[in-house]
Amino acid sequence: MGRDVWIGLDLGGTALKAGAVSPRGRLLAWREELVDDQAPRAVARRMARVVRSLHEETGGRLRGVGVGVPGPIDVARGVVTSAPNMPGWRNVPIARWVARATGAPAVIENDANAAALGECWTGAGRGRRSVVLFTLGTGIGGGIVLDGKLWHGAKGGAGELGHVPVVPDGRRCPCGALGCIEAYASARAVVKRFRELRAVRRSRIEGEDAREICDAARKGDPLARSVVTEAGRYLGLAVAGVVNALNPEVVILGGGMSAAGGVILSPVRAAVRAHALPLMRRGLRIVSAKLGNAAGAIGAAGCALNAFAISAS
């Protein structure tokens, strides 16, 4: 029938991204669709249609499907325990539904974990076995790969890097705690900080979203640059703590805020030099993600490959 194919699905609050992937992580075909009906059964049907379409396009042997989803999951049971931004998603057995509809075995993973595995497999962490990914979006998430395997922790919640505290009794985080890095370096936090300072300092931009602020920072706008640099310094404190705890080979910054490039990378690296132990930072690389929007889908396919490759061989 042809080559083996693994399909990864990356479900967001408004879009479904999907890729057919070779056993070596090469993207063979791609789909991206808006999710207009977020009801669990409706999303499962859409996923099944996309899987069938990608399978037909590639013409290979479909060996497994990986599904990356936001929020807490039970990997062993293939159940989404809750998805805060998707109404009705509580204890949803999405892996079983997708497997039944496609005829292929299916596995689920947290979306940030899947992105971390994708970057480790074929992206900025390729060839490395210990990788930490910070996803800098509206909030801050993350994923941890240790010795080539995703680290889930005792309760399956490892990788909540946005809630590493960096300022005692600091700004209120959306999680309810004070001083989390998400309250200082997420896209939401950067926009809020920019608007606070713009009331007393001039800028040539309005600062309606983080993308505009990051773009202006790269082009030298003083206010935008100072806000992004400040976020990078705080982020560097969180990165240094994680580096001291886990001793990874690579730390990857992904998500929308990483588009600031060197404006955010430089203060992160400086903070790590100042706060990480010499042994931990020796040989450490801190880099931008490479796979962009495809990281989650490629990583989800990798999760399926890791789960089912033995039975497929």
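Side notes on the structure shown:
- Across segment 92-140, the relative contact order, built from alpha-carbon pairs under 8 Å that are at least six residues apart, equals 21 percent.
- The C-alpha atoms of segment 1-149 occupy a region whose extents along the principal axes are 41, 37, 27 Å, arranged from largest to smallest.
- Kirkwood-based shape ratio for the chain, expressed as Rg/Rh from alpha carbons: 0.99
- Of all DSSP beta bridges in the chain, antiparallel share, percent nearest 5: 55 percent
- Solvent-accessible surface (1.4 angstrom probe) belonging to residue 55, in square angstrom, nearest 10: 60 Å²
- Sequence of 6, 30, 97 from largest to smallest accessible area, 1.4 Å probe: 30, 97, 6
- Ligands, DNA and RNA aside, residue 280 has an accessible area near 40 Å² when probed at 1.4 Å.
- In a fully extended conformation the segment linking residue 126 and residue 14 would gain 37.4 nm over its present Cα-Cα distance, using 0.36 nm per residue.
- Proximal aspartates and glutamates relative to residue 192, as straight alpha-carbon distance under 18 Å, when same-chain residues fewer than 8 apart are discounted: 182, 206, 208, 209, 212, 215, 221, 230
- Accessible area of residue 7 in the full protein assembly, 1.4 Å probe (Å², nearest 10): 0 Å²
- Inverse mean reciprocal Cα-Cα distance (Kirkwood Rh) of segment 1-71, Å: 12.3 Å
- Value of relative contact order over segment 52-113, rounded to a whole percent, pairs C-alpha under 8 Å and six or more apart: 38 percent
- Sulfur and carbon atoms: percent of accessible area, segment 27-169 [1.4 Å]: 49 percent
- Stokes-Einstein diffusion for segment 115-182 at 20 °C, viscosity 1.002 mPa s, with a Kirkwood radius from C-alpha pairs, works out to 168 µm²/s.
- Stokes-Einstein, applied to the Kirkwood radius of segment 133-259 over Cα pairs at a viscosity of 1.002 mPa s and 20 °C, places its translational diffusion at 142 µm² s⁻¹.
The values are calculated or read from the model by the stated rules, or taken from the named source; none is laboratory data. Computed from a predicted model, the values in this text were never measured in an experiment. Side chains included, ligands, DNA and RNA excluded: accessible areas come from the protein's heavy atoms. Shrake-Rupley method; radii C 1.70, N 1.55, O 1.52, S 1.80 Å.
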